[in-house]
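So the structure is just underneath, and the comments pick up after that.
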Amino acid sequence: PPPRPAHRRSLRGRRTLVVTAAVAAAGVGAGVFVLNANAGAVDLYHQSLPAKDGWAASGSGTTGGAKADAAHTFTVSTRAQLVKALGSVSDTAPRIIKVKGTIDANTSDAGKKLTCADHASGTGYSLAAYLKAYDPATYGKKAPAGSQENARKAAADKQKKNIVFRVPSNTTIVGVPGTKAGIKGGSLQVQNVKNVIVRNLTFSATEDCFPQWDPTDGSAGEWNSNYDSVTLRGATNVWADHNTFTDAPTFDTSLKTYFGRKYQIHDGALDITNGSDLVTVERNLFDCHDKTMLIGSSDTDSTGKLRVTLHHNVWKGIVQRAPLARIGQIHLYNNLYDTTTLNGYTPKYSIDSRAKAQVVAEHNAWKLPSGAKVAKLLSGDGTGSIAGGGNLVNGTATDIVAAYNAASSKKIRTTVNWKPTLTAGLQTSAKNLATELATTTGAGVLK
């Protein structure tokens, strides 16, 4: 940013003194609030989304908790501290939450580790009883109902109270550099709020202890789980930057099979649904996950919303939904897709454009193992669009939509009804992305 005019400096100096005094008066527990003395320079915790940096720069932009006072600046390293720092979702005072180290969501208020058995305790639920009650061979292909399904719901509610963290408007949550900051087993819920920043965090092992059997999902039924690592529902102006999303340490290959289907404990990594809008997702690492990113929860989600920018992200060991896009105006640029099978995660497709989604995908790079088909990088229902060019596959400029359309009856359209203008950092060549992004994406990079 340009240097601030000289007349602002004395004011900044005065403000620093006032804030320091406020911190001293409030005591250490209030956290430390530092205004950078260098005019124009801003520390990691007070950073706002830069101008034109994707859709989240629209409207009033995305500032998160940049204006937080000392009383709303927290450093947290336990689940209980995180819950307290988040406060009530109705309290929209700007807040900064610094996450130091890894917070395990499956812990009690006192810090005791909680297992799935602890969450089930007292509900009457047991997996063995559930499997016996709803085995399609005896129960038939109807939705589970009755005492074991009620018990499963009760157990699920207990886990949910522990692992779901509601984020209020005007909040910045940032991992403290050098502390392996992250949330293990938790789900950040950004619901019906606006102006939120999430940075420098590793989201790992978001697991549902109590998946629900749905015999009507597909031809053979499915086990469906509940929690995304980060879920945006009706959220506006959100910036997700330099985070890592992974199933580790429990990969899908280690999951058991019941009723002939995988007992799936993972849901989405970062899902953007229910009329969420003006979202920028940049320099994140999406690693070892199946259903990674949903934009739009259904074909009837909100028209005129779901405007999302994804740039400089790395996707590896991703089976599908990178992203699955519906309805909205989605801009994908300078992303790197490595479709090599990793830890048993074998890719089905990268980008799915459906329900009239208007996707512009430009200057992205794909790394394909030998024998993999370019036509399988995309998916669609015949109504979605993917425009844009400059995409490279194994270093060669490739028209990925033409390759898909040549092999598919449900064609992806190649024109869109909008033109991206919020394109900060857009590189017009994807050829060096693999090298550049190796050291500049994911948690632990920001200093």
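The values are calculated or read from the model by the stated rules, or taken from the named source; none is laboratory data. Not measured: the values here are computed from a predicted model. All Cβ positions, glycine included, derive from the backbone under ideal geometry; neighbour counts span all protein chains shown. Ligands, DNA and RNA are stripped out before the accessible areas are found, and what is left, the full protein with its side chains, is counted by its heavy atoms. Shrake-Rupley method; radii C 1.70, N 1.55, O 1.52, S 1.80 Å.
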The stretch 132-148, subset more than 17 Å from ASP217 (Cα to Cα) and either touching a Phe, Trp or Tyr at 6+ places or on another chain (Cβ under 8 Å) or of a type outside the set (Ser, Thr, Tyr) (or both), residue surrounded by the most Cβ atoms within 10 Å (Cβ to Cβ):
GLN148
From the set of residues in the stretch 209-227 that are open to solvent by less than 10 Å² (accessible area, probe 1.4 Å) and free of Cβ contacts under 8 Å to residues at least 60 places away in the same chain, which is farthest from ASP118 (Cα to Cα)?
TRP223
Quick check on ASN343: is it touching a Phe, Trp or Tyr at 6+ places or on another chain (Cβ under 7 Å), touching a residue at least 60 places away in the same chain (Cβ under 8 Å) and open to solvent by 10 Å² or more (accessible area, probe 1.4 Å)?
yes
Options LYS305, LYS316: the member that is surrounded by fewer than 24 Cβ atoms within 10 Å (Cβ to Cβ), free of Cβ contacts under 8 Å to residues at least 60 places away in the same chain, in a strand (DSSP E or B) and of a type outside the set (Ser, Thr, Tyr)
LYS316
Spot the failing condition for LYS348; the list is (1) surrounded by 18 or more Cβ atoms within 10 Å (Cβ to Cβ); (2) under 22 Å from the mean Cα position of the chain (by Cα); (3) within 24 Å of GLN329 (Cα to Cα), and only one is missed.
(1)
All but one of (1) open to solvent by 10 Å² or more (accessible area, probe 1.4 Å); (2) of a type in the set (Val, Ile, Thr); (3) out of contact with any Cys (no Cβ under 8 Å at 6 or more places or on another chain) hold for ILE272; state the number of the condition that does not hold.
(1)
In the set THR171, THR244, the lone residue that is touching a Gly at 6+ places or on another chain (Cβ under 8 Å), buried (at least 24 other Cβ atoms within 10 Å of the Cβ), among the β-branched types (Val, Ile, Thr) and farther than 18 Å from ALA85 by Cα is THR244
Taking strands (runs of 3 or more DSSP E) that do not extend beyond the stretch 133-198, which have at least 3 residues that are closer than 27 Å to TRP55 by Cα and within 20 Å of the chain's Cα centre (by Cα)?
164-166, 171-175, 187-191
Search result, residues across the stretch 100-110 that are open to solvent by 50 Å² or more (accessible area, probe 1.4 Å) and either touching a residue at least 60 places away in the same chain (Cβ under 8 Å) or farther than 13 Å from LYS161 by Cα (or both)
LYS100, THR102, ALA110
Would you tally the residues in the stretch 111-126 being open to solvent by 50 Å² or more (accessible area, probe 1.4 Å) and not acidic (Asp, Glu)?
9
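Here's the yes/no breakdown for (1) of a type in the set (Phe, Trp, Tyr); (2) open to solvent by 20 Å² or more (accessible area, probe 1.4 Å); (3) over 19 Å from PRO420 (Cα atoms):
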position: ASP287; (1), (2), (3): no, yes, yes
position: ILE295; (1), (2), (3): no, no, no
position: ASP301; (1), (2), (3): no, no, yes
position: ALA322; (1), (2), (3): no, no, yes
position: ARG326; (1), (2), (3): no, yes, no
Of the residues that make up the stretch 412-425, is at least one at positive phi and open to solvent by 20 Å² or more (accessible area, probe 1.4 Å)?
yes
Where in the stretch 357-447 are there strands (runs of 3 or more DSSP E), lying wholly inside it, with at least 2 residues that are free of Cβ contacts under 8 Å to residues at least 60 places away in the same chain?
358-362, 378-380, 385-387
Could you give every pair whose Cβ atoms fall below 9 Å, whose first residue belongs to the stretch 45-62 and is under 21 Å from LEU201 (Cα atoms) and modelled with pLDDT of 95 or more, and whose second residue is open to solvent by less than 40 Å² (accessible area, probe 1.4 Å) and part of a helix (DSSP H, G or I), counting only separations of at least 6 or pairs across chains?
LEU49/ALA56; LEU49/ALA57; PRO50/ALA57; THR62/ALA56
